[in-house]
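Before I ask anything, let me first share the structure, which is written out below as structure tokens.
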Amino acid sequence: MPAQEPTPQAAQQELVDEFAMFDNWMDRYQYIIDMGKQLPDFPDELKTPDNKIEGCQSNVWMHHTRDSERLHFNATSDAAIVSGLIAVLMRIYNDRSPQEIVATEPSFFEALGLDKHLSPTRSNGLHAMLTRIYEVARREAA
């Protein structure tokens with residue numbers, strides 16, 4: 001029997017625990033960047049205006065599909081730190097039901113200290129990506 005995926009809340013706690021292992025923000029930034037390097041490939045044909053996230057300083061594209069009860073997100077950015085932030089979001093929100101996504105508050109943002117350590121433009125971009133995920137989930141839940 002395959003291991004069960006952690007709940008979104010458990011996934012957020014795992015991230016908080018992982019970040020706690022680092023003594024400083026330079027190491028945490030590097031960890032975020034390394035997470036981004038592990039994102040799956042994003043096909044060029046999906047880099048369309050509809051998939052582009054507005055409000056990000058960098059170029060960000062996000063595409064979703066649905067299989068039965070779960071939403072699958074795929075995203076990419078041309079900036080290393082933003083790719084890492086995408087990876088953080090994917091750990092929490094990818095392959096979840098729309099209802100599960102809508103019900104998941106992004107407590108990781110404050111718990112990881114991202115609210116204090118991201119530049120305002122990166123923070124705006126993270127919020128724009130999160131907004132897109134919630135919009136898709138609300139639309140798919142309807």
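Of the residues R96, R138, which is surrounded by 13 or more Cβ atoms within 10 Å (Cβ to Cβ), over 24 Å from V16 (Cα atoms), in contact with a Pro (Cβ under 8 Å, 6 or more places away or on another chain) and of a type in the set (D, E, K, R)?
R138 is the lone residue from the list that is surrounded by 13 or more Cβ atoms within 10 Å (Cβ to Cβ), over 24 Å from V16 (Cα atoms), in contact with a Pro (Cβ under 8 Å, 6 or more places away or on another chain) and of a type in the set (D, E, K, R).
Let me ask another. Out of (1) buried (at least 20 other Cβ atoms within 10 Å of the Cβ); (2) within 23 Å of A137 (Cα to Cα); (3) modelled with pLDDT under 95; (4) of a type in the set (A, V, I, L, M, F, W, C), what's the single condition that is false for F109?
(1)
T104 - would you say it is surrounded by fewer than 21 Cβ atoms within 10 Å (Cβ to Cβ), touching a Pro at 6+ places or on another chain (Cβ under 6 Å), hydroxyl-bearing (S, T, Y) and more than 24 Å from D41 (Cα to Cα)?
Yes.
Could you check I33 against (1) of a type in the set (V, I, T); (2) over 18 Å from R139 (Cβ atoms); (3) surrounded by fewer than 13 Cβ atoms within 10 Å (Cβ to Cβ) and say which number it fails?
(3)
Sticking with this one: What number of residues within the range 58-78 are in a strand (DSSP E or B), in contact with a helix residue (DSSP H, G or I) (Cβ under 7 Å, 6 or more places away or on another chain) and either under 13 Å from R132 (Cα atoms) or not charged (D, E, K, R) (or both)?
10
Any residue in the range 92-118 that is of a type in the set (K, R) sitting within a Cβ distance under 8 Å of a residue that is surrounded by fewer than 19 Cβ atoms within 10 Å (Cβ to Cβ) and not in a loop (DSSP other than H, G, I, E, B)? List the pairs, counting only those 6 or more apart or interchain.
R96/R70
Now for a different question. Just to verify a result, which residue in the range 25-57, among those that are part of a helix (DSSP H, G or I) and among the charged types (D, E, K, R), is farthest from T76 (Cα to Cα)?
D27
Of all the residues that make up the range 64-90, how many are closer than 24 Å to Y31 by Cα and crowded, with 17+ Cβ neighbours inside 10 Å?
16
Would you confirm, using the coordinates I've provided, whether F22 is in contact (Cβ under 8 Å) with a residue 24 or more places away in the chain, of a type in the set (F, W, Y) and not in a helix (DSSP H, G or I)?
For F22, the condition - in contact (Cβ under 8 Å) with a residue 24 or more places away in the chain, of a type in the set (F, W, Y) and not in a helix (DSSP H, G or I) - is not met.
I'm told S123 meets every condition in (1) closer than 18 Å to Q30 by Cβ; (2) surrounded by fewer than 20 Cβ atoms within 10 Å (Cβ to Cβ); (3) polar (S, T, N, Q) except one. Can you identify the failing condition by its number?
Of the numbered conditions (1) closer than 18 Å to Q30 by Cβ; (2) surrounded by fewer than 20 Cβ atoms within 10 Å (Cβ to Cβ); (3) polar (S, T, N, Q), the odd one out for S123 is (1).
The values are calculated or read from the model by the stated rules, or taken from the named source; none is laboratory data. Remember, predicted model here, so these are calculated numbers, not experimental data. Don't worry about glycine lacking a Cβ; one is built from the backbone with ideal geometry, like all the others, and counts go over all protein chains shown.
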